[in-house]
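One structure below.
Nothing in this text is a laboratory measurement; each read-out follows from the coordinates by a stated rule. Because the structure is a prediction, the values reported are computed rather than measured. Cβ placement follows ideal geometry from the backbone for every residue including glycine, while neighbour counts extend to all protein chains displayed.
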Amino acid sequence: MASEPVFVEHPSSLDHDTGRHPERAARIVAIDDELQRRGWLGYRRIESPQVSRQTLEAVHPADYVAGVERAAAAGGGALDPDTVISEGSFLAALHAAGGAVAMVESLVQGGAGARGFSSHRPPGHHALAARAMGFCLFNNVAVAARHALDRLELSRVIVLDWDVHHGNGTNDIFSAEPRVLFVSIHQWPLYPGTGAPTDVGTGAGSGYTVNLPVPPGSGDLEFTALVDGVFVPLARSYAPELVLVSAGFDAHVDDPLAGCNVTEAGYATMATAVSEICDELGIGLGCVLEGGYDLGALARSVAVTMEAIAGVPASVPVPASVSPERAGSADRLVAQARDRLAAFWPALV
Ligand SMILES: [Zn+2]
């Protein structure tokens, strides 16, 4: 194992006050309490810096950033029907993006075996370059991936988004960018309505956007089958120099905002598979917190994901066995995805 894994956070995440809202400060408190109980799982805790304006503005136009800053300074309010901010939100968002960037710097420096988890709010994957939406102000994972390309001179980064909602912001920001392979597993139909399998990217980025929608009711079986059967061979074929996970935990069976049935065991299984392919490729792996709105499910799922990527012995039970019909439908999801992708990724045939 390389350097010890890093857990990146900042107290300003608690000052992004959304009022009565599922994306609330108690999420961070629940995660920290769970990790405290587990001795932080051997992670070294780092306080995140603010992102520099230059790094942030490589993704988000300066006038958009200034608009968010002004809205927060004026006391906050609703930036869109779902996205509420307070006076403390701008600083929280600067640290959320800065934490993801700091984690990426640590991972790239650490090389093979490096692992990290960036735990902040607001989340990021719905934020478009010039528009806040879906509880997100700045696209933390996109800012970090862009930094890896522009400043750390990486030429291939994968962003795997297993949040139950499609990461439309990340998809859009990197649509024409072949140096970022964006892979999203999400419930469909569901907010925000994007992420159809036919969206494969644009121009030079064609084939480097991989949307893997799953029907409501999908659980450990479907999510892990797509990671094992699609993500892992894609990663082997693309040979990234870094893998980032947009790690939302709202596909959990207990989550109130969606209709999927993933359990802690499913997250541990996915995280283990992603970690193993990163080991095979000799590269770093970092998670950036996105959604997850049942406090207990969120905290336990973060913990098992951190265990799995850091090679800590797993604390979750093996998933229950499934019916042949369920197994058959998961196999079909994988086969259909591989068929669709064959034109771009011959290795998947
Ligand atoms: Zn979500």
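Summary of values
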{"item": "Between segment 4-52 and segment 195-215, the Cα center-to-center distance that results, in Å", "result": "31"}
{"item": "DSSP-defined antiparallel bridges as percent of all bridges, segment 6-348, nearest 5", "result": "10"}
{"item": "CD proxy at 222 nm, helix term only [per DSSP H run n ≥ 4: -39500 (n - 2.57); per residue of the chain; nearest 500]", "result": "-12000 deg cm²/dmol"}
{"item": "Normalised contact order of the chain, rounded percent, pairs of Cα under 8 Å and 6 or more residues apart", "result": "18"}
{"item": "Rg in Å to one decimal, and Dmax rounded to a whole Å, for segment 126-260 via C-alpha atoms", "result": "14.1, 41"}
{"item": "Residue (of A145, L35, A196) at the positive-pole extreme of the chain, dipole from beta-carbon charges", "result": "A145"}
{"item": "Radius ratio Rg over Rh of the chain, counting only Cα atoms, Kirkwood formula for Rh", "result": "0.93"}
{"item": "Mean Cα-pair separation over length for segment 159-238, i.e. relative contact order, pairs under 8 Å, 6 or more apart, %", "result": "28"}
{"item": "Nonlocal amide H pairs with V214, under 5 Å, H built at 1.01 Å", "result": "H186, Q187, W188"}
{"item": "Fewest-first ranking of Y208, Y191, Y267, using other Cβ atoms within 10 Å as the exposure measure", "result": "Y191, Y208, Y267"}
